[in-house]
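Undergrad: I am attaching a structure below and will ask some questions about it afterwards.
The values are calculated or read from the model by the stated rules, or taken from the named source; none is laboratory data. What you see is a predicted model; the values in this text were computed from it and never measured. Glycine gets a Cβ as well: all are built from the backbone with ideal geometry, and neighbour counts include every protein chain shown. Please note that ligands, DNA and RNA were not included when accessible areas were found on the heavy atoms of the full protein model with its side chains. Shrake-Rupley method; radii C 1.70, N 1.55, O 1.52, S 1.80 Å.
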Amino acid sequence: MTILNQERLSKALLIPFLTIALLWMNAAMAFADTETASTEKTIFPIPALSEEFKESPLPNVIVIATGGTLAGKAADETSFQNYKAGTYLMDDLIRQLPNKQKIADVTTYQFGNKGSGGYTIADLYDLSLSVDQALEVYDSVVVTTGTDTMEEIAYFLDLTVRSSKPVVITGAMRPWDVIGTDAPANLYNAIKLAGSKKTEYFGTVLMLNDVIHAARDVTKSNSHRMDTFETPMMGALGYIDENNIRIYRSNARALKAGTAEWATPFDLKTISKEDLPMVEIAYNYQAAGGGAIRGFVADGAKGIVTAGTGAGGISSQMSAAREEAIKQGVIFVTTTRTGSGTMYPGSNESIIAGDSLNPQHARIMLLLSLAFTSDKATVKDWFATYGTQDVKVVAPAAQ
Ligand code: SIN
């Protein structure tokens with residue numbers, strides 16, 4: 001072979017080799033990009049504390065707004081039900097709020113502006129991280145949301161926010177601009193409560209209509225009334241009357257203040273949104289079929305909460321579908337559709353008792369548990385500890 005032919009041959013081999021190497025490098029870089037995208041944590045554009053507020057003796061409260069009826073614009077001044085939720089911006093609402101400068105230095109962050117039902121679980125992941133980011137700077141946070149799924153959003157925050165500083169969630173049953181609206185009063189009292197720091201270590205609390213509830217236990221009980229939020233069995237935590245804020249009872253969580261058990265294992269900074277699994281609720285009723293459970297499993301549900309009758313009972317067809325789903329690795333939690341009551345562990349090892357969590361709260365607890373483990377025994381243990389309301393008082397000497 002001549003030298004010229006040898007050169008031609010090596011060039012001919014080199015070009016495809018370089019092309020393949022280039023393609024491989026491109027593919028590797030694209031893969032690295034996706035890896036970064038899924039695990040990288042978003043930094044939220046939370047406003048910095050102003051110089052004026054840094055000097056002020058008042059508490060620094062940030063309102064993180066997501067919309068709902070509180071920010072709703074009514075068709076006219078007497079349209080209590082005909083309105084567009086999530087219309088006004090929180091900055092404008094705070095500007096209109098009288099006497100706020102007497103209770104706190106208020107900053108706002110507009111997370112979103114829509115109805116509560118419009119948010120995905122991935123959005124709640126972002127909301128929770130934004131609350132924790134804000135609490136690195138501010139004394140306390142007020143989150144405004146629609147009331148429809150407020151109890152679920154509140155419990156998601158309760159289980160995931162790492163800071164022990166006060167988080168108060170509020171909303172309204174009447175839009176901002178109708179006569180007799182509850183929106184400004186709820187916003188004002190929520191800021192007052194957050195600024196008082198009286199619910200530090202309580203986790204997320206919900207305040208509407210001057211009543212303070214623990215996120216884990218509260219539920220929306222009426223479609224229209226302004227006193228819609230109730231805490232069955234346990235009752236409210238306390239009340240706000242003008243400048244008097246009274247906390248009459250502690251939740252089990254607050255009694256864990258200062259212990260390792262206060263924080264749940266659900267640190268969202270250690271997982272990505274894609275780790276949040278599909279978890280559904282199957283509602284039982286007279287002669288309920290098994291189709292809902294089979295459908296959820298076919299859709300990819302990793303966990304299912306049953307809203308059973310009475311002490312958690314489900315129909316024979318639903319029970320047969322549950323047995324099949326368990327064989328496929330789906331984890332079940334039993335709750336009651338009655339509106340209150342406690343579920344205790346039974347003889348079936350594959351069915352976790354939801355304690356006094358209502359179905360929608362149990363779903364949030366199961367969803368977060370399955371985002372962090374697929375081990376059934378661990379999920380069971382977390383339900384028995386972080387999911388259960390069981391007061392344990394430890395005397396200081398024994399701590
Ligand atoms: C919503 O949940 O966004 C609408 C209803 C409400 O805020 O009361």
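Undergrad: Quick one: dipole size for segment 238-300, taken about the Cα centre, charges +1 on Lys/Arg Cβ and -1 on Asp/Glu Cβ, in debye to the nearest 20.
TA: Using only the charged Cβ atoms, the result is roughly 200 debye.
Undergrad: In addition: What are the ³J(HN,Hα) couplings of segment 375-380, residue after residue, when phi is run through the Karplus curve with 6.51, -1.76, 1.60 and θ = phi - 60°? Round to Hz, x for glycine and proline.
TA: Here the 3J(HN,Hα) series is 7, 4, 5, 5, 4, 4 Hz.
Undergrad: Could you please report the charge total around L93, scoring K, R as +1 and D, E as -1 over all other residues with beta-carbon less than 12 angstrom from its beta-carbon?
TA: Taking every Cβ under 12 Å from that of L93, the sum is 0.
Undergrad: Looking at the square roots a ≥ b ≥ c of the eigenvalues of the Cα gyration tensor of segment 277-387, which shape do they give, rounded for a/c under 1.5, prolate if a/b is larger than b/c, or oblate?
TA: Oblate.
Undergrad: Right, here's the next one. Positive end of the dipole of segment 243-399, charges at C-beta (+1 Lys, Arg; -1 Asp, Glu), about the Cα centre: which of S347, I364, A321 has its Cα farthest in that direction?
TA: After comparing all options, I get I364.
Undergrad: Continuing with this model, one more query. So what's the angle, to the nearest 10 degrees on a 0 to 90 scale, between helix 316-327 and the longest Cα principal axis of the chain?
TA: On a 0 to 90 degree scale, this one is about 40.
Undergrad: Can I ask one more? Which residues does a label at Q317 reach in segment 285-302, if reach means a backbone N under 18 Å from a point 7 Å past the Cα toward the Cβ?
TA: 285-298
Undergrad: Hey, another quick one. How big is D for the chain, in µm² s⁻¹ as a whole number, if Stokes-Einstein is applied with the Kirkwood radius of its Cα pairs at 25 °C and 0.890 mPa s?
TA: Calculated translational D: 106 µm²/s.
Undergrad: Could you give the angle, 0 to 90 degrees to the nearest 10, between helix 3-39's Cα long axis and the longest principal axis of the Cα atoms of the chain?
TA: With rounding to tens, the tilt is 10 degrees.
Undergrad: Going toward the positive end of the dipole of segment 92-250, with +1 on Lys and Arg Cβ and -1 on Asp and Glu Cβ, which of M207, P175, S128 do you reach last?
TA: Of the listed residues, the answer is M207.
Undergrad: Hey, another quick one. Checking the cross-link filter: which lysines have an alpha carbon closer than 21 Å to that of K376, excluding same-chain neighbours under 8 positions apart?
TA: K302, K327
Undergrad: Could I ask something else about it? Filter K100/K392; K41/K256; K114/K197; K41/K114; K198/K220; K73/K192 down to the pairs with a C-alpha to C-alpha distance above 31 Å, please.
TA: As for pairs spanning more than 31 Å Cα to Cα, those are K100/K392.
Undergrad: Further question: Charges only on Cβ, +1 for Lys and Arg, -1 for Asp and Glu: so what's the dipole of the chain about the Cα centre, in debye to the nearest 20?
TA: Dipole magnitude for the chain comes out near 460 debye.
Undergrad: Name the residues whose placed amide hydrogens come within less than 5 Å of the amide hydrogen of G238, ignoring near sequence neighbours (fewer than 5 apart) on the same chain.
TA: Close amide H contacts, sequence-distant or interchain: I212, Y248.
Undergrad: How much accessible surface does I46 have with a 1.4 Å probe, in Å² rounded to 10?
TA: Approximately 30 Å² for this residue.
Undergrad: Let me ask something additional. Rounded to the nearest percent, how much of the accessible area of segment 51-262 (1.4 Å probe, protein heavy atoms only) is carbon and sulfur?
TA: The value for segment 51-262 is 48 percent carbon and sulfur by accessible area.
Undergrad: May I pose another question? Would you be so kind as to identify which of F80, Y285, P98 lies farthest towards the positive end of the dipole of the chain, taking Lys and Arg as +1 and Asp and Glu as -1 on Cβ and the Cα centre as origin?
TA: Of the candidates, Y285 comes out farthest on the positive side.
Undergrad: Give me the net charge for the shell around L368: Cβ to Cβ below 13 angstrom, other residues only, Lys and Arg +1, Asp and Glu -1.
TA: Taking every other residue near L368 into account, the sum is 0.
Undergrad: With the other protein chains left in place, how much accessible area per residue, in square angstrom, belongs to the chain at a 1.4 angstrom probe?
TA: 48 Å²
Undergrad: Return the percentage of antiparallel bridges among DSSP beta bridges fully within segment 277-387, rounded to the nearest 5 %.
TA: Counting only bridges with both partners in segment 277-387, antiparallel ones make up about 10 percent.
Undergrad: Can you send over the carbon and sulfur percentage of the accessible area for segment 277-387, probe radius 1.4 Å, protein chains only?
TA: 50 percent
Undergrad: Ignoring ligands, DNA and RNA, how do Y283, Y201 rank by accessible area with a 1.4 Å probe, largest first?
TA: Listed by decreasing accessible area, they come as Y283, Y201.
Undergrad: Based on DSSP H runs of at least 4 residues, each adding -39500 (n - 2.57), what is the mean residue ellipticity at 222 nm of the chain after dividing by all its residues, to the nearest 500 deg cm²/dmol?
TA: The per-residue figure over the chain is -10500 deg cm²/dmol.
Undergrad: In addition: List the residues whose amide H sits under 5 Å from the amide H of V63, counting only those 5 or more places along or on another chain, with H placed 1.01 Å from N in the peptide plane.
TA: For V63, whose amide H was placed from the backbone, the distant partners under 5 Å are T107, T108, Y109, V142.
Undergrad: Suppose every K and R has +1 on its Cβ and every D and E has -1 on its Cβ; what is the size of the dipole of segment 51-262 about the Cα centre, in Debye to the nearest 20?
TA: 360 debye
Undergrad: Counting Lys +1, Arg +1, Asp -1, Glu -1, what net charge surrounds T270 among other residues with beta carbon under 12 Å of its beta carbon?
TA: +1
Undergrad: Could you state the angle between the C-alpha long axis of helix 121-135 and the longest principal axis of the C-alpha atoms of the chain, as a value from 0 to 90 degrees rounded to the nearest 10?
TA: Between the helix axis and the principal axis of the chain, the angle is about 70 degrees.
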